[in-house]
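The values are calculated or read from the model by the stated rules, or taken from the named source; none is laboratory data. A quick note: this is a predicted structure, and the numbers were derived from the prediction, not measured. Virtual Cβ from ideal backbone geometry, glycine too; neighbours counted across all protein chains shown. Just the protein is used for accessible areas: all its heavy atoms, side chains included, with ligands, DNA and RNA removed. Shrake-Rupley method; radii C 1.70, N 1.55, O 1.52, S 1.80 Å.
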Amino acid sequence: MLTNRSKSVVKKEMSLVEKLYLPAILSGMAITFKHIFKKPATVRYPEEKREMAPIYRGHHVLKRDDSGAERCTACGLCAVACPAEAITMDAAERKPGEEHLYREEKYAAKYEINMLRCIFCGLCEEACPKEAIFLTDTLVNPEVARDAFIYGKDKLVERMDHRIDVSKRQTADVAMFKHSEMDAKHNKVYKDKTKQ
Amino acid sequence: MPEITIDGKKIEFAQGMTILEAARSVGGDLVPPTMCYYSKLKDTGGYCRTCIVKVESESVKNPRALPKPVASCRTLAQDGMVVKNQTSPEIQEARAGIVEFLLINHPLDCPVCDQAGECSLQDLGYEHGKMNTRYEFERREFPQKDIGDKIKLHMNRCILCYRCVKTADQITDGRVHGVCSRGDVAEISTYIEKAIDNDFSGNIIDVCPVGALTDRTFRFKSRVWFTKPVDAHRNCDKCCGKVRLWYKGEEILRVTARKDMYGEVEEWICNECRFEKKRTTDWQIEGPSQIDRHSVISANHYRTPAMKKDLSNMILNSGIDASVSSADLTDKA
């Protein structure tokens, strides 16, 4: 006995009222009946949806910057921060003429999140130094095959016709850093002079 | 034997040793960090001032304090010298200032830089640096340069430690310029480009404390912490052949020299070993490299806890379980 929580069983003779079972049935029915007048605990999803927190952690998005270039530079900090090891990536070098596609000289050629491994903890968005990955308030769709849960860039990168507002998810520190002129200069993207 | 006191610890040293060498002979927290000093190269040190220490008493004969912090890599230790490093708040503050100076022109492109994860400046900044910059002016900018087809020079990231210049100086004959221009526009040039034909020129990648000189064959292949370091050797007629292979899966992404606890290479390796031999069959594998467990390189590399040697021997000798072989006990990571 490790927990001291065990109870000894008493097998005593039932009284006449107890043998009838009727009072017990009635009290049970009373509880059931009472619930008809109560507000239901569930909602009729998907017709009706629950209100989500503004920083709900669901499906990831790889943000583009204002001009539409991908922000992710495949630095790998999200993958190393990920406690579930759900993220993998391959980097590639940006070629001349691709400046409108990728913000920096290195970009993620392949970026995959295994949504079955992901625990939606949000450490990747916390680790990201480029404000590229964010969790959104959309849910991951149910699938029938396991492979379909490995989301590549096709599902993760933000669509230009469907921009996602992540301003609520940015911490006060990040916002301050962004609005500081000096820090902005420090964090600027270096142009490659050899290719001009 | 003459004796020097560093952070309250008495250290015996040989005549002619610097304060830094004396500190390194015992190791531990009292060793000042270095960015330009390199024990394997002649005539390095004195440029970056990271290793500054406070000398409270110069020697037995002259027990007065030195008026300013001194660079421990260039100052000879003397009998009866009393030095403060970690224990002096003044030095810690001064070092934070040095880091700020080093970072004035250093771009914040660690997410792109291949050196990230094994960068001395990153470690130094993490330990001593400030969160923000106070520098309001434009940073100096240089074009990226390819030095030969194997090495890339990002002059933006260079902190002018001169290690590569000294390396080139020692592996080649005849002096050409090492660093051109002065001050803000100082630039590593010609010298190492001319040394590139040398068989040992690849070592300038290893000596670079920042990401200024990087391996083009490894460029953007993987982050350092996604690769697994393995010690290996081969019979090389040019060099010692003792290297560290950086694996990602089955593939060798990079070959470097083995580095010691201060990030200095143990033995130089030749360009053939470094750039040409990237198949497992080229190498005799010795086993996983010892990486400090606080390093980002050992992040997410789960391994069975290493068994103490005497304990594993005891189990082996006792014959409790015949199926336990020594191979099972060693770390396979």
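Full extension of the chain between B:D237 and B:C180 yields a length gain of 17.0 nm, computed as 0.36 nm times the residue separation minus the alpha carbon distance. Can you work out the FRET efficiency for the pair A:V43 and B:Q284, with r the C-beta to C-beta distance and R0 = 56 Å, to the nearest 0.05? Calculated value: 0.30. Surface exposure of the protein assembly as shown, expressed per residue as accessible area with a 1.4 Å probe, stands at 58 Å². Counting lysine pairs in the range A:1-112 that sit 8 or more residues apart in sequence, or on different chains, and whose Cα atoms lie under 23 Å apart gives 8. For B:K242, a cut-off of 16 angstrom between C-alpha atoms picks up these aspartates and glutamates, skipping any fewer than 8 places away in its own chain: B:D199, B:D206, B:D231, B:D260, B:E264, B:E266, B:E267, B:E272, B:E276, B:D282, B:E286. Only protein heavy atoms count here, probed at 1.4 Å, and on that basis chains A and B bury about 2700 Å² of accessible area in total. For the range B:1-90, the set of trypsin sites (Lys or Arg not before Pro) satisfying both a DSSP loop assignment and a count of at most 10 other C-beta atoms within 10 Å is given as B:K42, B:K61, B:R64. Of the residues making up the range B:82-111, those losing 40 Å² or more of accessible area when the isolated chain is joined by the remaining protein chains, with a 1.4 Å probe, are B:L108, B:P111.
Residues whose amide H lies under 5 Å from that of A:K106, counting only those 5 or more places away or on a different chain, are A:R94; hydrogens are built 1.01 Å from N in the peptide plane. If you bin the C-alpha pair distances of the range B:119-255 every 10 Å from 0, what whole percents do you get? Histogramming the range B:119-255 at 10 Å steps yields 10, 35, 35, 17, 3, 0 percent. Given R0 = 45 Å, the distance between the Cβ atoms of A:Q170 and B:V26 translates into a calculated FRET efficiency of 0.45.
Rounded to the nearest whole Hz, the Karplus-based 3J(HN,Hα) values (6.51 cos²θ - 1.76 cosθ + 1.60, θ = phi - 60°) of the range A:104-120 follow the sequence 10, 5, 10, 9, 8, 6, 10, 9, 10, 10, 8, 6, 7, 7, 4, 10, 6, with x at glycine and proline. Mean residue ellipticity at 222 nm, helices only, the protein assembly as shown: -5500 deg cm²/dmol; runs of at least 4 DSSP H residues each add -39,500 (n - 2.57), and the sum is divided by the number of residues.
Looking at the range A:74-162, the trypsin sites (Lys or Arg not before Pro) that sit in a DSSP loop and have at most 14 other Cβ atoms within 10 Å of their own Cβ are A:R117, A:R146. Taking amide H as placed 1.01 Å from N in the peptide plane, A:T138 has its amide H under 5 Å from the amide H of A:G58, A:H59, each at least 5 places away in sequence or on another chain. Given a Förster distance of 51 angstrom, what is the FRET efficiency for A:A145 paired with B:E93, based on the Cβ-Cβ distance and rounded to 0.05? So, using R0 = 51 Å, E works out to roughly 0.30. The accessible-area ordering, largest first, of the residues B:I52, B:I196 stands as B:I196, B:I52, per a 1.4 angstrom probe.
Under the combined filter of DSSP loop state and at most 14 neighbouring Cβ atoms within 10 Å, the range A:2-88 retains these trypsin sites (Lys or Arg not before Pro): A:R5, A:K7, A:K11, A:K12, A:K38, A:R44, A:K49, A:R50. With every protein chain in place and a 1.4 angstrom probe, the accessible-area ranking of A:Y111, A:Y45, B:Y126, largest first, reads B:Y126, A:Y45, A:Y111. The orientation-averaged projected area of the convex hull spanned by the Cα atoms of the protein assembly as shown comes to 41.3 nm².
Give the carbon-plus-sulfur fraction of the accessible surface of chain B in %, rounded to a whole number; probe 1.4 Å, heavy atoms of protein chains only. Looking at chain B in its full context, I get 51 percent from C and S.
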